[in-house]
Amino acid sequence: MDDQRREIAGGGMFIRDGFIEQVGLSNELPDSADKVLDLDGHIILPGLINTHHHFYQTLTRAVPAAQNANLFNWLKTLYPIWARMTPEDIYLSTQTALAELALSGCTTASDHLYLFPNGSKLDDEIAAAGVIGLRIQASRGSMSLGDSKGGLPPDSVVDDEDAILADSVRLIERYHDARPGAMVQIVLAPCSPFSVTGELMKQSAALARQYGVHLHTHLAETKDEEQFTIEKFGYRPVAYMESVDWIGPDVWFAHSVHISREEVETFAHSGCGVAHCPSSNMRLASGIAPVWEYLRAGVKLGLGVDGSASNDSSHLLAEARQAMLLARLWAGLEGASLSTQDAPPLLTARQALEMATRGGADVLGRSDIGSLAAGKCADFFAINLNRLDYAGALHDPLAAIVFCAPQRVDFNVVHGRLIVENGQLLSVDLPHLVEKHNQAARRLVNGSGR
Ligand SMILES: [Zn+2]
């Protein structure tokens with residue numbers, strides 16, 4: 001994924017203090033190092049970058065009442081369950097999501113936390129992430145438009161706008177690191193057009209630009225949302241975003257499924273990024289994002305697993321496979337009525353991996369990650385190719401890891417630090433974490449309160 005897209009057989013890297021110094025043939029690298037990782041027989045790729053998630057939703061996967069609902073009904077079913085969460089639940093669910101992400105090759109994850117019940121704070125997530133060791137873009141989400149004011153969420157889970165802005169300032173000043181190699185960056189992220197006021201969108205944009213942090217929200221995920229924006233604000237989704245100062249290279253949107261050709265052009269010209277979440281879009285029957293239009297127009301495009309209540313997995317390599325398959329289904333449907341030369345091409349495994357790496361880095365506004373090249377962060381994963389799942393596919397190992405059933409990684413390294421070694425997560429006792437996580441999930445869904 002370097003600028004020349006080199007694929008180096010017998011390759012290696014030399015890393016110092018968390019950054020890559022050299023990439024090339026192993027026998028051209030320095031002869032010795034403090035630590036040598038022999039990955040003969042493995043494929044090594046830049047760490048995958050997840051551009052949209054809600055870690056806390058790992059506590060509410062496959063909730064029976066929300067299994068067969070579209071977005072708005074799914075949300076209305078889950079809001080009261082989420083309202084019971086505690087700081088400990090945020091901590092546990094962050095570790096669960098990041099463990100799953102790490103084992104699927106992810107080294108940088110963006111998270112969008114937008115409800116803070118019972119004293120929960122974004123600090124709980126940041127503390128938990130520090131233990132696992134992945135880079136995070138922690139998004140300070142918010143909801144302020146409760147049902148009494150025409151919004152979708154119940155009043156019990158929305159917050160006062162002055163308090164939201166004050167907490168945003170506190171978090172940026174405490175945690176945001178703008179330097180290359182940053183392990184934590186803060187993002188401001190009002191939840192969606194149907195859960196915050198236009199005034200909060202404007203104030204958040206002004207604050208983000210004052211501090212040089214990025215902006216993130218959900219946009220045009222479903223037809224319902226498109227309708228809501230037109231009826232309540234009198235604008236199509238992207239025009240509404242323009243009206244509240246949310247267009248620019250420091251903004252990225254999750255989903256952006258129901259986007260017109262003109263709106264695609266606006267994204268391309270202004271530098272807005274998109275987090276494509278194919279599994280979630282299929283799970284909630286939201287629609288198919290115009291991925292081919294985005295690629296053709298040069299829109300910054302990354303992948304997101306989305307929250308685990310609508311996927312219900314945090315396997316980012318699986319998401320790259322899903323993106324490839326869904327884009328092909330779309331191309332087949334779209335091309336059915338067109339001549340062969342006008343039909344859209346099939347998305348390749350390499351394009352899907354590029355979205356998950358370089359694309360994600362562009363979307364998050366990070367030039368220090370997304371490829372294996374001198375000067376970039378030493379973030380990578382490795383998978384042993386000698387396994388049943390890839391048997392017969394090794395004429396093209398890079399394609400094999402996308403076409404064949406998604407595997408867990410054998411090694412994951414972030415900033416030169418081993419996070420996964422020989423398939424084992426090094427930072428936490430996984431069986432213990434899973435047990436505590438399941439206890440918390442039972443308590444939340446059964447409604448026994450704190
Ligand atoms: Zn989402």
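The values are calculated or read from the model by the stated rules, or taken from the named source; none is laboratory data. All values derive from a computational prediction rather than experimental measurement. Reconstructed Cβ throughout: ideal geometry from the backbone, glycine too, with neighbour counts over all protein chains shown. Just so you know, the surface numbers come from the protein's heavy atoms only, side chains and all, with ligands and any DNA or RNA stripped out. Shrake-Rupley method; radii C 1.70, N 1.55, O 1.52, S 1.80 Å.
Using a Gaussian network model on the chain with a 10 Å cutoff between Cα atoms, which of Met13, Met324, Met85 fluctuates the most? Result: Met13 has the largest fluctuation of those listed. With all pairs of different C-alpha atoms in the average, the Kirkwood value for the hydrodynamic radius of segment 138-180 is 11.8 Å. Net charge in the neighbourhood of Ser26 (other residues with Cβ under 10 Å of its Cβ; Lys, Arg +1, Asp, Glu -1) is -3. Residues whose amide H falls under 5 Å from that of Gly423, counting only those 5 or more places apart or on a different chain, are Phe411, with hydrogens built in the peptide plane. From the alpha carbon centroid of segment 11-44 to that of segment 203-245 is 44 Å. By DSSP, the beta bridges lying fully in the chain are antiparallel in about 40 percent of cases.
Each label was represented as a point 7 Å from its Cα along the Cα-to-Cβ direction; for Leu388 and Arg6 these points are 3.7 nm apart.
For segment 382-398, 3J(HN,Hα) computed residue by residue from phi via the Karplus equation (6.51, -1.76, 1.60; θ = phi - 60°) reads 9, 10, 5, 7, 8, 8, 3, 4, 10, 4, x, 10, 7, 5, 8, x, 5 Hz, glycine and proline entered as x. Taking the empirical scaling 2.2 N^0.38 Å for compact globular proteins as reference, segment 98-244 has a Cα radius of gyration ratio of 1.08. Take the alpha carbon atoms of segment 351-407, find their center, do the same for segment 414-450, and report the distance between the two centers in whole angstrom. The distance from the Cα centre of segment 351-407 to that of segment 414-450 comes to 25 Å.
So what's the net charge close to Arg408: Lys and Arg +1, Asp and Glu -1, counting the other residues with Cβ under 12 Å from its Cβ? Local net charge: -2.
Residues in segment 267-273 carry Karplus couplings, in order, of 4, 5, 6, 8, x, 5, x Hz; the curve used is 6.51 cos²θ - 1.76 cosθ + 1.60 with θ = phi - 60°, and Gly or Pro positions show x.
The residues neighbouring Met1, those whose beta-carbon lies less than 10 Å from its own, together hold a net charge of +1 under the Lys/Arg +1, Asp/Glu -1 convention.
GNM on the chain, alpha-carbon springs under 10 angstrom: the most fluctuating residue among Leu394, Leu122, Leu418 is Leu394. Which log10 I(q)/I(0) values, to two decimals, does the chain give at q = 0.08, 0.12 Å⁻¹ under the Debye formula with one point per Cα? Listed by q, the Debye log ratios stand at -0.43, -1.00. Put simply, the amide H of Ser371, placed in the peptide plane, has no neighbours under 5 Å, leaving out anything fewer than 5 places away on its chain. Heavy-atom surface analysis with a 1.4 Å probe gives segment 1-149 a carbon and sulfur content of 47 percent of its accessible area. A simple rule links phi to the HN-Hα coupling: the Karplus curve 6.51 cos²θ - 1.76 cosθ + 1.60 with θ = phi - 60°, which for segment 213-221 gives 9, 8, 10, 8, 7, 7, 8, 6, 6 Hz, with x for Gly and Pro. Which distance in Å, rounded to a whole number, links the C-alpha centroids of segment 299-345 and segment 104-170? Cα centres, segment 299-345 to segment 104-170: 28 Å. Taking amide H as placed 1.01 Å from N in the peptide plane, Leu145 has its amide H under 5 Å from the amide H of Val196, Thr197, each at least 5 places away in sequence or on another chain. Computed about the Cα centre, the dipole magnitude for the chain is approximately 540 debye when only Lys and Arg (+1) and Asp and Glu (-1) carry charge, each at its Cβ. Rounded to the nearest 0.05, what FRET efficiency is calculated for Ala399 and Ala127 with R0 set to 60 Å and r the Cβ-Cβ distance? For Ala399 and Ala127, the calculated efficiency is 0.95. When the listed pairs Lys76/Lys436; Lys121/Lys436; Lys149/Lys202 are checked against a 22 Å cut-off, the alpha-carbon distance exceeds it for Lys76/Lys436. A straight Cα-to-Cα reach below 25 Å connects Lys376 with the lysines Lys35, Lys300, residues fewer than 8 places away in its own chain not being considered. For the chain, the solvent-accessible area works out to 39 Å² per residue, with a probe of 1.4 Å and every protein chain left in place. Here the sum of -39500 (n - 2.57) over DSSP H runs of 4 or more residues, divided by the residues of the chain, equals -11000 deg cm²/dmol at 222 nm, to the nearest 500.
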